[in-house]
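*Asks:* Shown below is the structure under consideration.
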Amino acid sequence: MTVWSDLTGQDAAIAVLRTAAAAAADSRAGADMTHSWLITGPPGSGRSNLAYAFAEALLSGSPDGDRTTRAQVIARSHPDLHVLATEGVIIKVADVRKIVERSHYAPSVGHHRVIVVEDADRMTEQTSNVLLKELEEPPDRTVWILCAPSEADLIPTIRSRVRSVRLQVPGIAAVADLLVRRDGVDRGVAERAAREAQSHIGMAHRLATSAEARDRRDETLRLALQVRSTPGAVLTAARLIEIAGDDAKAITELRDAEEREHTLRSLGVAPGQAVPAALRSQLRALEEDQKRRATRSLRDGIDRILVDLASLFRDILVTQLGAEVDLVNLDIAADVDRAAASATPAQTLATLDAIQEARIRIDANVQPTLALEAMLVSAIRRPEPVRGVRS
């Protein structure tokens, strides 16, 4: 199994990075390779996975990687790999300055030092400018790999100093094949998860491996179809926030406990032992990081709900227009048919616009409950009375 085996539907991007890794492994060509990269693609396309696969190839000195380097990259423990990521809403300028300083260290065990910046779109303009100077003249043996949804998410001066590799949305069949091969998921479950996740690999994995995640998604769609009044929209919005919270908690709770246990062990504190006063500040720092991650996870959970609702009303519109395209939510086709008959295409388009507006508002820090309430009001279905019949 090569370093690229778990990447799905990205043959063109893999070919570019594989060629670059092969050039880097050649001491004569290594100095001529690009030292600043930007991997872009929609959520779930595998940006980070591709970045770490490229990092492994560079660090191992082979385009196919090797088992030892792979284990170190997965554990983020390779001495020449540095990762800049955030559990919060933005990447802090202090963190960028720290990683820039590390970029000037000589590699410890290989020919390159690799720095992966996940979610580079979460940098403010001030933070981006700190990184910009480094990308203009990176050290010869340092390679920067930035990840973002699109080139437009970064400031123009950064875009002009990186080589972009664009990922595509993998097909549903390809994502299902990955779930079957990698996770041992039943073929039928894998295909449904890939379809309902709209080829988002991470979300497809969650839906395929967690009955609770599937139940939460099903409830979300059912609630949206049952909105009949403004009070109903208000109650539904509150419930959707609860569902997003449950989803976020399921994602972060186990990780938080493992991090706390690992931190206490590294500080020499035995299970059940009181934390000495001198060590409490380190534990508080961990707890603050976890709170920031919980906030971001909740926002991500709300956004996932809105994406699912957009797929529902897209299916309704497709049905209303008689378009010959596959439904995302095929398993509730009968409910989609009933919803399509209870409204006009114009009403459905208005709801789709409202969903997108809710995403924009929440991203701009509007209170999520208010944004969801306003969106759900547009989803109220009051069929127009038949002409000649008084309502």
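The values are calculated or read from the model by the stated rules, or taken from the named source; none is laboratory data. Computed from a predicted structure; not experimentally measured. Reconstructed Cβ throughout: ideal geometry from the backbone, glycine too, with neighbour counts over all protein chains shown. The accessibility values were calculated without ligands, DNA or RNA, using every heavy atom of the protein model including side chains. Shrake-Rupley method; radii C 1.70, N 1.55, O 1.52, S 1.80 Å.
*Asks:* In segment 171-199, how many residues are open to solvent by less than 60 Å² (accessible area, probe 1.4 Å) and outside any helix (DSSP H, G or I)?
*Replies:* 4
*Asks:* Does segment 236-246 contain at least one residue that is outside the structural domain of residue 369 (by the TED database) and hydroxyl-bearing (Ser, Thr, Tyr)?
*Replies:* no
*Asks:* If you take the residues of segment 352-383 that are among the charged types (D, E, K, R) and part of a helix (DSSP H, G or I), which of them is farthest from residue 231 (Cα to Cα)?
*Replies:* Among those residues, the one meeting the criterion is 363.
*Asks:* Let me ask something else about it. Wholly within segment 201-269, which helices (runs of 4 or more DSSP H) include no fewer than the required count, namely at least 1 residues that are farther than 23 Å from residue 311 by Cα?
*Replies:* The qualifying helices (runs of 4 or more DSSP H) are 230-266.
*Asks:* Take the conditions surrounded by 15 or more Cβ atoms within 10 Å (Cβ to Cβ) and β-branched (Val, Ile, Thr) and apply them to residue 377. Does it pass?
*Replies:* It is true that residue 377 is surrounded by 15 or more Cβ atoms within 10 Å (Cβ to Cβ) and β-branched (Val, Ile, Thr).
*Asks:* Restricting attention to segment 269-289, does a residue exist that is open to solvent by 60 Å² or more (accessible area, probe 1.4 Å), modelled with pLDDT under 75 and within 22 Å of residue 247 (Cβ to Cβ)?
*Replies:* yes
*Asks:* Please find, among 120, 193, 148, 204, the residue that is of a type in the set (Gly, Ala, Ser), farther than 27 Å from residue 86 by Cβ and at pLDDT 90 or above.
*Replies:* 193
*Asks:* Suppose we filter 235, 223, 306, 312 for residues that are free of Cβ contacts under 8 Å to residues at least 12 places away in the same chain and either open to solvent by less than 20 Å² (accessible area, probe 1.4 Å) or within 22 Å of residue 362 (Cα to Cα) (or both); which single one remains?
*Replies:* 235
*Asks:* Would you tally the residues in segment 2-24 being part of a helix (DSSP H, G or I) and out of contact with any helix residue (DSSP H, G or I) (no Cβ under 8 Å at 6 or more places or on another chain)?
*Replies:* Of the residues in that region, 6 qualify.
*Asks:* Here is a further query. Among the residues of segment 333-351, count how many are surrounded by 19 or more Cβ atoms within 10 Å (Cβ to Cβ), in a helix (DSSP H, G or I) and aliphatic (A, V, I, L, M).
*Replies:* Number of matching residues: 3.
*Asks:* While we're here: Which of the residues belonging to segment 82-118 are open to solvent by 20 Å² or more (accessible area, probe 1.4 Å), in a loop (DSSP other than H, G, I, E, B) and within 15 Å of residue 37 (Cβ to Cβ)?
*Replies:* Within segment 82-118, just 118 meets the criteria.
*Asks:* Within segment 132-166, take every residue that is among the β-branched types (Val, Ile, Thr) and under 14 Å from residue 116 (Cα atoms) and give me the one that is most open to solvent (accessible area, probe 1.4 Å).
*Replies:* 162
*Asks:* Determine whether residue 230 is of a type in the set (S, T, N, Q), closer than 30 Å to residue 370 by Cβ and open to solvent by 50 Å² or more (accessible area, probe 1.4 Å).
*Replies:* The answer is yes for residue 230.
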